[in-house]
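Below you'll find the structure, written out as C-alpha cells, and then a few comments.
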Amino acid sequence: MSPTPQQRAAELRRLIDDANYRYHVLDDPELPDVEYDRLLRELAALEAADPSLRTPDSPTLRVGGAPSGKFATVQHAVPMLSLGNAFSEEEVADFVARIVREGDGAEPVFSVEPKFDGLAISLRYEDGLFVRGATRGDGATGEDVTANLRTIKAIPLRLRAPEGMEAPAVLEVRGEVYMPRAGFEAWNAWALANGGKPLANPRNGAAGSLRQLDPAVTAKRPLAFFAYALGEVEGVDVPDTHSGVLAWLRGFGLPVSPLVERASGLAGVLDYYRRIGEMRDALPYDIDGVVYKVDSHALQRALGFVSRAPRWAIAHKFPAQEEATVVESIEVNVGRTGAVTPWVLMQPVHVGGVTVTRATLHNADQVARLDVRVGDSVIVRRAGDVIPEVVRVIPERRPDGTTPWRMPGRCPVCGSEIVREEGEVVARCSGELVCPAQRVQGLFHFASRRAMDIEGLGERLIQALVDFDQVQSIADLYRLGVGDFVEMKRRADERDGTTPETVRSGKVATKWAENLVAAIERSRETTLERFLFALGIEHVGESTAKALAVWFGDLDRIRRAPWPLFKRVPDIGDEVARALGHFFDQPGNQAVIDDLLAAGVHITDAHPPSPKLREGLTLAQLLADSGIPKLTPLRAKQLADAFPDAGTLLDQERHNFVIAGLPDEAATSVAEWLSIDANARMLLAAAAMQAELLAALPEDEAAVGPLDGVTVVITGTLEAMGRDEAKATLEALGAKVSGSVSKKTGFVVAGAEAGSKLARATELGVEVWDEARLLAFLAEHR
Ligand SMILES: NC(=O)c1ccc[n+]([C@@H]2O[C@H](COP(=O)([O-])OP(=O)(O)OC[C@H]3O[C@@H](n4cnc5c(N)ncnc54)[C@H](O)[C@@H]3O)[C@@H](O)[C@H]2O)c1
Ligand SMILES: [Zn+2]
C-alpha cells in the first residue's frame, strides 16, 4: 500500500533533516546532492499541492543547519539566505517571465555569476579591519570561524580603501570559501600516502577545513575565496546595482570572480549558462551551476524574498557530477602492459550529462579503502571527460550477506597468475607472452630497436596482425611471409580508409614487406641479453637483462632457475627476482619461448656462468634469499651450518632448529615455511640448480681470459678494426678497458696519431703495443 501524502511528507522531513545534519553540521554527507535535491523537491511539490502539509519546521522553509556547538555563535544582522534552483530551461524561463510580470515590464538585466561549490561565509570589516567571520549556519545564526578565516590568504585582513575614500565604518562581505581542485588533489594524495582520510570532494574539503577547531590545521588546507554579496553596511553609500557592488568590492581588494558578467533577458542568461558550462571542466575549481541575479537594487527590493531565498535570484544548476547507483558486479580489466584494474558494472545512472554503467575503482587498494562490494549502493562521480569513478559507498544501504572483494588469482583474459609485489600499487597479469590483452604491447616491445631490432614492424602493422588474428604470440612472427604482410597492410588500409595509390592502381609495392621479412630473418641470430630484454618481463630492462646474461650465461639455466637464485646477480632485488620467477612459472610463457627456439631463434653467445657466482651459491645464501620471515642472514648461516644439505634440512622438526641455536620465533617461522609444499619443492630445486651452476663454473678463475684483471688503454686510430671492436674483443678476453693511463695500466694500444696518452704511457714506463702486435695477440688467443 503506498503511503498517504501525510505519511510521505513526514518521511521526507525526517530524511531531509538527517541529510541536513550530516551535511551542514558533521560535514560528512551520505547522500549525493542530487538525491537530496530530489527529496527536497518532492516535499516542496507535496506542500504546494496541499499547503496544510507545510509544518512550521518544514525543511523547505529553512536554510542550512543549526550551528554545531563547536564554535561561538554569531547573529547575522542581515540574514544569509539560500538560492532558488532551476534544473531546466523551462524553470529559468518561468523565473524570467515572473520578473517581467512583477517588475516594470521591461526585459530584465542580470548580474550573472558562476555558482561556486564551496560554503558561504560572511566577513565583517570595521573601519577597514577584518574583525569577524562566520558561516551561514541556519541563515540567522552562524558559527564564528574568524581564526580559521584569517589563515586564508585570499581574504584581506585590512581593506584597501579606494582612492580618496575612508574605509566604511561597517562592511559585511559575503562570499564563498572553496578549495581549488589542484589543492584538493594534492591534499588527498598526501593524505593517502600518510594514512589519512581523503576528502570526499572539494566542497566537502572546504567546509570541513573551515570548521576545524585548530586554525593551524585549517592553515595547511589549500582554501580560497570569492566575494559575491553584501551584508550589513554602515557609513558608506552602496552602488545601486549588483554588478556595481561587485566592481566596488574589487576596489577594496576583495577577490571577485573574473567570470562575472551582465546579461539581458532569457536569451542572455542561457547563453552565459552554455558558455560557462563549456568552461566548467577547465576551471581550476568546482562550480555546480551559474547564478542569475537581478542587477538593479530597486527591482530587487520590489521583488522581495520568500522564506529561504530571494525572489530576484536563481541558481541554474549544471548536470550533477555525482549520483548514487547500485553495484551489479566487480570486474577486472587487463591493460596493454598487463596492469590489472578493478572496475564496477552498475545499474545505469545519469551523471555528468551522460548515462554510464561502468566506473573505475583504480586499484585493489582503492577497493579495500572504499570497501566496495557487489550489491552496494555507491556514489559515482564523473567530471568532464574523466572516466567515471566510485567515490564512496553508502553504508546504510548495504544489503545483508555481502562479502569483501578480492582480486582474482588468475587473469580473466589468459588465465595466468595475477601477481602483486609487496609495496606495489598495481597488480599484473604475469602471462606477458600469452596474454591477448598484452599482445600488441608485447610484439611492439619485442621488435623494438634495443630488443630484437626488427626494422619496419611498426605499431599499426602489429595492431593489424593482432586484430586480424595473424599472430597469437611473438613466435608467430617467424612464420609470416611477404604475402602475409602485404595482405595485413591492405586490410589495415582498407579499414582505416587510407588505401594508397599503389594499391588502388593494382601496382602493389612489396619492397617494404621483403625488407621486413629480411629483418625478421636477421633477428633470428641474437644475443642472450637482447633476447631476455625482448621478452618484456616486468621490471627487466636492458641492464637487468645484461646482468642476467653475464651471470647465468645461458637461457636454459635462466628459464629453470628458482627465483631466489636471481638475487645472486648484483642489483637484482626481491621485486625483480620475484617478477622473473612469476614469469618463468607460467607454462604459457615457457611454451612461447620453446616456440621461438623451434622457429629458429638462436642465441649466439651462450657461455658458462660467471665465476663470481661461486661465493653466493651456498645453502645459507639460498635460505637468506628465500624470504623466510624472521630468518636474518646470520640465522640462515647458523641453520645451514647445522644442516648443510637441503634434503636433510627438510626432514627436521622445529625443535631441531631450536637446538641448532635459532631463537624460538625464527625456528617456528622456518618450520612453518618448510611445511608448505611449494616452498619445499622450490628449495630442493634451487639447491639442485646451485649444484648444477657450481659444476658448470670454469675450474680456475684465471682461466676465464688471458687478460683477466689487466687494464688496457686504447689510443689513436686503429686501421684494421675500429676502436669499439678492439674494446669488445679485449673485454671478451677479460681485460678492463679504461680511458686514462696510470701506473696500474697493463699496456696501451697505440694506433696512428696517438697523442697525450701515448706520451703519458712512455713517461710512466707502461708497455705500448702497436696495432700489429695487438692483432697477432688476438689471432693467438681466439
Ligand atoms: N548531500 C546531502 O546530504 C545534502 C544535504 C543538505 C544539503 N545538500 C546540498 O547543499 C546545497 C543546498 O545548500 P544551500 O541551501 O546552500 O543551497 P545552494 O548551495 O544550492 O545555493 C546557495 C548557496 O550558493 C552559494 N553560492 C555560490 N556562488 C554564489 C554566487 N555567485 N552568488 C550567491 N551564492 C552563491 C552560496 O554558498 C549560497 O549559500 C544543495 O546543493 C544540496 O544538494 C546536500
Ligand atoms: Zn593475462
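With respect to the conditions (1) closer than 30 Å to Pro609 by Cα; (2) at pLDDT below 80, Ala688 falls short on a single one, namely (2).
Any chance segment 702-716 includes a residue that's closer than 25 Å to Asp645 by Cα and in contact with a Ser or Thr (Cβ under 9 Å, 6 or more places away or on another chain)? I'd like the intermediate steps shown before the answer.
Going through segment 702-716, the residues closer than 25 Å to Asp645 by Cα turn out to be none.
For segment 702-716, residues closer than 25 Å to Asp645 by Cα and in contact with a Ser or Thr (Cβ under 9 Å, 6 or more places away or on another chain): absent.
Would it be correct to say that Asp117 is within 16 Å of ligand 1 (Cβ to nearest atom), more than 39 Å from the chain's Cα centre (by Cα) and either touching a residue at least 12 places away in the same chain (Cβ under 8 Å) or under 21 Å from Val236 (Cβ atoms) (or both)? It is false that Asp117 is within 16 Å of ligand 1 (Cβ to nearest atom), more than 39 Å from the chain's Cα centre (by Cα) and either touching a residue at least 12 places away in the same chain (Cβ under 8 Å) or under 21 Å from Val236 (Cβ atoms) (or both). When the helices (runs of 4 or more DSSP H) confined to segment 446-528 are screened for residues that are surrounded by 15 or more Cβ atoms within 10 Å (Cβ to Cβ), those reaching at least 3 such residues are found at 459-467, 482-496, 511-523.
For Arg398, are the conditions met, namely being modelled with pLDDT of 95 or more, more than 30 Å from Gln586 (Cα to Cα), of a type outside the set (Ser, Thr, Tyr) and touching an Asp or Glu at 6+ places or on another chain (Cβ under 6 Å)? Please lay out each step first, then the result.
Numbers: modelled with pLDDT of 95 or more: yes; more than 30 Å from Gln586 (Cα to Cα): yes; of a type outside the set (Ser, Thr, Tyr): yes; touching an Asp or Glu at 6+ places or on another chain (Cβ under 6 Å): yes.
Considered against the rule, which asks whether it is modelled with pLDDT of 95 or more, more than 30 Å from Gln586 (Cα to Cα), of a type outside the set (Ser, Thr, Tyr) and touching an Asp or Glu at 6+ places or on another chain (Cβ under 6 Å), Arg398 comes out as yes.
Taking first residues from segment 756-774 that are closer than 17 Å to Leu718 by Cβ and partners that are among the polar types (S, T, N, Q) and surrounded by 12 or more Cβ atoms within 10 Å (Cβ to Cβ), the Cβ contacts under 8 Å between residues at least 6 apart in sequence or on separate chains come to Lys757/Thr715; Leu758/Thr715; Ala761/Thr745; Val768/Thr762.
Checked against (1) in contact with a strand residue (DSSP E or B) (Cβ under 8 Å, 6 or more places away or on another chain); (2) farther than 23 Å from Gly137 by Cβ; (3) part of a loop (DSSP other than H, G, I, E, B), Leu31 passes all but a single condition, namely (2).
Does Pro198 fit the bill of being assigned to a loop (DSSP other than H, G, I, E, B) and modelled with pLDDT under 95? Write out each step before concluding.
Values: assigned to a loop (DSSP other than H, G, I, E, B): yes; modelled with pLDDT under 95: yes.
It is true that Pro198 is assigned to a loop (DSSP other than H, G, I, E, B) and modelled with pLDDT under 95.
Count of segment 543-554 residues, restricted to those that are touching a residue at least 40 places away in the same chain (Cβ under 8 Å), part of a helix (DSSP H, G or I) and either crowded, with 19+ Cβ neighbours inside 10 Å or touching a Pro at 6+ places or on another chain (Cβ under 8 Å) (or both), is 3. Go through segment 354-369 residue by residue and tally those that are farther than 14 Å from Met407 by Cα and over 14 Å from the mean Cα position of the chain (by Cα). Of the residues in segment 354-369, 6 are farther than 14 Å from Met407 by Cα and over 14 Å from the mean Cα position of the chain (by Cα). Applying the criterion of being more than 16 Å from ligand 1 (Cβ to nearest atom) and touching a Ser or Thr at 6+ places or on another chain (Cβ under 6 Å) to the residues of segment 319-348, the residue that is nearest to Lys115 (Cα to Cα) is Pro348. Of everything listed in (1) assigned to a helix (DSSP H, G or I); (2) of a type outside the set (A, V, I, L, M, F, W, C); (3) touching a His at 6+ places or on another chain (Cβ under 7 Å), the single unmet condition for Arg8 is (3). Exactly one residue among Val390, Val425, Val440 is assigned to a loop (DSSP other than H, G, I, E, B), away from ligand 1 (no atom under 16 Å from the Cβ) and outside the structural domain of Leu477 (by TED's automatic domain parsing), and that residue is Val425. Checked against the criterion of being within 24 Å of the chain's Cα centre (by Cα), crowded, with 22+ Cβ neighbours inside 10 Å and modelled with pLDDT of 95 or more, the candidates Val351, Val372, Val294 yield just one match: Val372. Set side by side, the residues Arg101, Arg132 differ, and just one is surrounded by fewer than 20 Cβ atoms within 10 Å (Cβ to Cβ), away from ligand 2 (no atom under 16 Å from the Cβ) and in a helix (DSSP H, G or I), which is Arg101. With a requirement of 3 or more residues that are farther than 20 Å from Trp551 by Cα, the strands (runs of 3 or more DSSP E) lying completely within segment 666-779 that satisfy it span 711-715, 747-750, 767-769.
The values are calculated or read from the model by the stated rules, or taken from the named source; none is laboratory data. Computed from a predicted structure; not experimentally measured. Cβ atoms come from the backbone with ideal geometry, glycine included; neighbour counts cover every protein chain shown.
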